[in-house]
Ligand code: NAD
Ligand code: 6OD
């Protein structure tokens, strides 16, 4: 923490205005460890004001908007994000160090696409109707109307900041809620730009509020607040457990997208070239900082040697460097703290006798980047399935390779984890794909691909990986609850 200096100040956005705070903390560029901004930390009074203004907006103009008016406004938000795309790209890169390629092709386009997709889906999201006939001869019309939950706290992580924030804000607004967004303290910049966009396109005051600050300092006050009607959270499983306790007294609806420890299975009948490229992508995208990334690879014995040799080549070919440098695929990890966490797993793997096929350390640049948060893409093998390295989420550019012989054996080994988010299966045998996919205890199975998204499809995890589903009607079902109206017909 340092006193605000010449660096930009990022403020909370409450009731349609950016407001200064009494307390600020440093925003650090993970490329070189330099300070780039001061981020406000909201106090309890500001959180109260944000929630009050949200409640007021629900009673006032926003509560009177028709679905189509809300959805038209969501399209304007998407258009404005697209118009200001370069600013969003620069802000996301400054906070995270992600490569330009990643931010240009995934993070920012999806930020806009989330608003468009949920706007279009909400227009046709309907209720249910029943003509009821009772055994005693009475008749009634039962129908349901979808009613917003009210004030929704959206708490998002740092790994795909705009993408994951808008993945919640868009359906929440489409359904008529007001939002209190609390982005990760590591990545406040695109959330501030989003608040500007809300004002620019005429979202009424109080509908979207931005509360900045560190989760451990301000999270409990926000989530347990009696006027917050629901909490939607994406982040670590341990934080989810904490929030669950905080909302218990209020019995609030929660939607949780949590951690993962995801496997890839490469069968002997896989298209080897596609499987190698696919596993390289699922392991190293965003420096391994995607909840869906592969951290464990199970490869069939018959093709193991050739698969490992080719995956090693792909890892060695990855260009690490400045995020905007040509052909750079990997920038740094998000922070020093996270770099230390990932390195502690590299060290644990060494201590436990793992074989390092490639990587295992920190690249040396002999310039300012040596003060940054870079890490080498790493492939290891030789550890037991129950080893901590194979059980705990690392969230870095590393995978462990194990060899398997039988289909049933690999299914059991893949399911040997407290997490249950995603799995990628590589096989050219269609029957095997259909047979194996539903036997994996996860919410998402990809076959011969990874992270190919349809925003209407159910998205989420089982076990420690989450509660509920997002995407399409699942998001709309969370952010609006059906009220049943029963009218007697005489
Ligand atoms: P995190 O849990 O540390 O933080 C997530 C958010 O929670 C941040 O905004 C943080 O400030 C806030 N927070 C922290 N403590 C809080 C508290 N007590 N009350 C309320 N809010 C609090 O997670 P992270 O490190 O930002 O993100 C990485 C994790 O997120 C990984 O475990 C990853 O797998 C997971 N993740 C899951 C998904 C998914 O869709 N399943 C997507 C992205 C990330
Ligand atoms: O693509 C999405 O909608 C989504 N929720 C991705 C989550 C990625 C996790 O880091």
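Please treat every number below as a calculation from the coordinates, not as lab data. Treat the numbers as computed from the prediction; the structure is a model and nothing was measured. No Cβ is skipped: glycine too gets one built from the backbone with ideal geometry, and neighbour counts run over all protein chains shown.
Of all residues in the range 118-131, those satisfying the criterion of being buried (at least 24 other Cβ atoms within 10 Å of the Cβ) and either over 30 Å from residue 487 (Cβ atoms) or touching a strand residue (DSSP E or B) at 6+ places or on another chain (Cβ under 8 Å) (or both) are 118, 119. Scanning the range 209-232 for residues that are within 16 Å of the chain's Cα centre (by Cα), within 16 Å of ligand 2 (Cβ to nearest atom) and crowded, with 23+ Cβ neighbours inside 10 Å turns up at least one hit. Among the residues of the range 167-191, those that are within 15 Å of residue 91 (Cα to Cα), more than 16 Å from ligand 2 (Cβ to nearest atom) and surrounded by 22 or more Cβ atoms within 10 Å (Cβ to Cβ) comprise 188, 189, 191. Every condition in (1) more than 25 Å from the chain's Cα centre (by Cα); (2) over 24 Å from residue 273 (Cβ atoms) is met by residue 375 except one, and the failing one is (1). Kindly indicate whether residue 120 is assigned to a helix (DSSP H, G or I), touching a helix residue (DSSP H, G or I) at 6+ places or on another chain (Cβ under 8 Å) and under 27 Å from residue 322 (Cβ atoms). Judged against the criteria, residue 120 is not a match. Elements of the type strands (runs of 3 or more DSSP E) sitting completely within the range 422-490 and holding at least 1 residues that are more than 15 Å from residue 234 (Cα to Cα), free of Cβ contacts under 8 Å to residues at least 24 places away in the same chain and within 16 Å of ligand 1 (Cβ to nearest atom): these cover 444-447. Being without any contact (Cβ under 8 Å) to a residue 24 or more places away in the chain and away from ligand 1 (no atom under 16 Å from the Cβ) holds for only one residue in 138, 133, and it is 133. Of the residues contained in the range 152-166, one or more are found to be closer than 24 Å to residue 225 by Cα, more than 16 Å from ligand 2 (Cβ to nearest atom) and assigned to a strand (DSSP E or B).
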